[in-house]
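Contents: one structure, followed by commentary.
Taken together, the values in this text are just the output of simple stated rules run on the coordinates, not laboratory data. Not measured: the values here are computed from a predicted model. Heads up, the Cβs are rebuilt from the backbone with ideal geometry, glycines too, and the neighbour counts pull from every protein chain shown.
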Amino acid sequence: MALKLCFNEATCMKRSTLEKDLMLCEKYGYDLIEIRLDMLGDYLKRHTIDDLREFFRRSRLKPWAFNSIEDINFCTEKQWQKVVELLRFGCEMSEKIGNPYLVVVPTAGDGMISKTEEEVFEDSVDVLNRLADLAKPYGVKLAFEPIGGPRWCVRSLEQCWKIMKRVDREEVGIALDAFNLYLFDRLNDIDILDFIPSEKIFVYHIDDCEDRPLEILDQCHRLFPGDGVIPLRRITEKLKAKHYKGAASVELFRPEYWERDPEQIIRISAGKARPYL
Ligand code: ZN
């Protein structure tokens, strides 16, 4: 196995808790977990961060990335304060439990449609550098996740890679999400992945989706790996060819799965993802 089996807490977030996800991921043999910051906040109402550190100390399961800090581009002063506050919280908690990565997401909104690629490039380089400066003392790295829908300002792998090349620092890399890239143009541009060194890919979100027109396709149409139309085999082969050995993380935002028993979903996710590792 080259890739490591990882669970992203979004997958069961409506009926589970961090305690439950930890227990079930350990039970079903996951290597890694991506913890949601809101679910961590909820956990901290009942436990301390030392409890969490203790869990990881005696478990096979390890933390990989916190998800996520959203809308980091084109912030007002007030919005930026909120981004920084959440980043500080994520970094402080990361340091305590040995969590290496934090996922950061470009801004979404109707206002983004009129931004030029040049404006988005300049802003992304600026905000990623500022956030990385804040995160560096904690030893935390930032994984920037392009999202292909028209309302997001960084949509494609090519656009993201240009930003990475300019930022050019080891604390900043890419969160490669199969579904979010598929949303851009059905992964017709996936060969760009061949030019990206494996050390720039901080996490791989392995998720599939229904066969629907791109204008309709949305987060709720995600499916277990292998159940949909995304060429996951091709992506995985490309990652293996460049010796990527990080997380392959099942991240599904499917309301139907949210209604089901978390244990069932976590067990099935492991079984569906394993053939790609
Ligand atoms: Zn993702």
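I'd like the FRET efficiency for residue 261 and residue 50, computed as 1/(1 + (r/R0)^6) with the beta carbon distance as r and R0 of 41 Å, rounded to 0.05.
Plugging the Cβ-Cβ distance into 1/(1 + (r/R0)^6) gives 0.85.
Give the shape of the range 30-145 as rounded, prolate or oblate, defined through the alpha-carbon gyration tensor: a ≥ b ≥ c are the square roots of its eigenvalues, a/c under 1.5 means rounded, and otherwise the shape is prolate if a/b is larger than b/c and oblate if not.
Prolate, since a/c reaches 1.5 and a/b exceeds b/c.
Could you let me know the centre-to-centre spacing of the range 241-277 and the range 222-239, using Cα atoms, in angstrom?
11 Å
Using mean Cβ contacts within 10 Å as the protection proxy, how do 242-248, 259-265, 7-13 order, highest first?
Listed from highest to lowest mean packing, they are 7-13, 242-248, 259-265.
Can you grab the distance from the C-alpha centre of the range 16-73 to the C-alpha centre of the range 166-188, Å, no decimals?
24 Å
Before rounding to the nearest 500, sum -39500 (n - 2.57) across all DSSP H runs of length at least 4 in the chain and divide by the residue total; then give [θ] at 222 nm in deg cm²/dmol. Working shown, then result.
Details: 10 runs with 112 residues, N = 277.
Per the formula, -12500 deg cm²/dmol.
Which of 14/242; 96/272; 82/238; 82/240; 78/238; 82/165 have a Cα-Cα distance over 29 Å?
Distance filter (> 29 Å) returns 14/242; 96/272; 82/238; 82/240; 78/238.
What residues qualify as long-range amide H neighbours of residue 207, i.e. H under 5 Å apart, gap of 5 or more or another chain, H built at 1.01 Å from N?
Distant-sequence amide H within range of residue 207: 178, 179.
Assign one of three labels to the chain, namely rounded, prolate or oblate, based on the Cα gyration tensor with a ≥ b ≥ c the square roots of its eigenvalues; rounded applies when a/c is under 1.5, prolate when it is not and a/b is larger than b/c, and oblate otherwise.
In terms of gyration-tensor shape, rounded.
Between residue 110 and residue 169, how high is the FRET efficiency from 1/(1 + (r/R0)^6) when r is the Cβ-Cβ distance and R₀ = 35 Å? Nearest 0.05.
Plugging the Cβ-Cβ distance into 1/(1 + (r/R0)^6) gives 0.65.
Rank by packing, highest mean first: peptides 56-66, 97-107, with packing defined as the count of other Cβ atoms within 10 Å averaged across residues.
97-107, 56-66
Place the peptides 118-127, 143-152, 20-29, 191-200 in order of packing, highest mean first, counting for every residue the other Cβ atoms within 10 Å and averaging per peptide.
With the highest mean Cβ count within 10 Å placed first, the list reads 143-152, 20-29, 118-127, 191-200.
Amide H to amide H, which residues 5 or more places from residue 247 or on other chains are under 5 Å from it, using H placed in the peptide plane?
The answer is 4, 204.
Taking the Cα centre of the chain as origin, work out the dipole magnitude from +1 charges on Lys and Arg Cβ and -1 charges on Asp and Glu Cβ, in debye rounded to 20.
Result for the chain is approximately 1020 debye, rounded to the nearest 20.
Starting at the first residue of the range 109-115, write each ³J(HN,Hα) from the Karplus equation 6.51 cos²θ - 1.76 cosθ + 1.60 with θ = phi - 60°, in whole Hz, x for Gly and Pro.
Listing the rounded values in order: x, 4, x, 6, 4, 8, 6 Hz.
Applying 1/(1 + (r/R0)^6) with R0 = 25 Å to the Cβ-Cβ distance of residue 89 and residue 19, what FRET efficiency is obtained, to the nearest 0.05?
Values: r = 19 Å, r/R0 = 0.77.
Here the calculated transfer efficiency is 0.85.
Enumerate the amide H contacts of residue 69 below 5 Å, restricted to partners 5 or more residues apart or on another chain; note that Pro and chain-start residues carry no placed amide H.
Counting only residues 5 or more places away or on other chains, the set is 103, 104, 105.
Just for the chain, what percent of DSSP beta bridges are antiparallel, to the closest 5?
If I count the DSSP bridges inside the chain, around 10 percent turn out antiparallel.
With θ taken as phi - 60° and the coefficients 6.51, -1.76 and 1.60, list the Karplus ³J(HN,Hα) couplings across the range 143-155 in order, rounded to whole Hz; mark glycine and proline as x.
9, 8, 10, x, 10, x, x, x, 7, 8, 7, 10, 10
With just the Cα atoms of the range 154-277, tell me how far they stretch along each of the three principal axes, in Å, largest first.
Dimensions of the range 154-277 along the principal axes of its Cα atoms: 43, 32, 23 Å.
Apply the membrane-span-like helix rule to the chain: whole DSSP H runs, Cα extent along the own long axis of at least 20 Å, mean Kyte-Doolittle hydropathy at least -0.5. List the helices found. Mind dumping the intermediate values first?
Details: long enough: 77-97 (30 Å, -0.55); 117-135 (26 Å, -0.15).
Those that clear 20 Å and a mean of -0.5 are 117-135.
What shape does the range 212-277 take by its C-alpha gyration tensor, where a ≥ b ≥ c are the square roots of the eigenvalues and a/c under 1.5 counts as rounded, a/b above b/c as prolate, and the rest as oblate?
Details: a/c = 2.53, a/b = 1.29, b/c = 1.96.
The shape class here is oblate.
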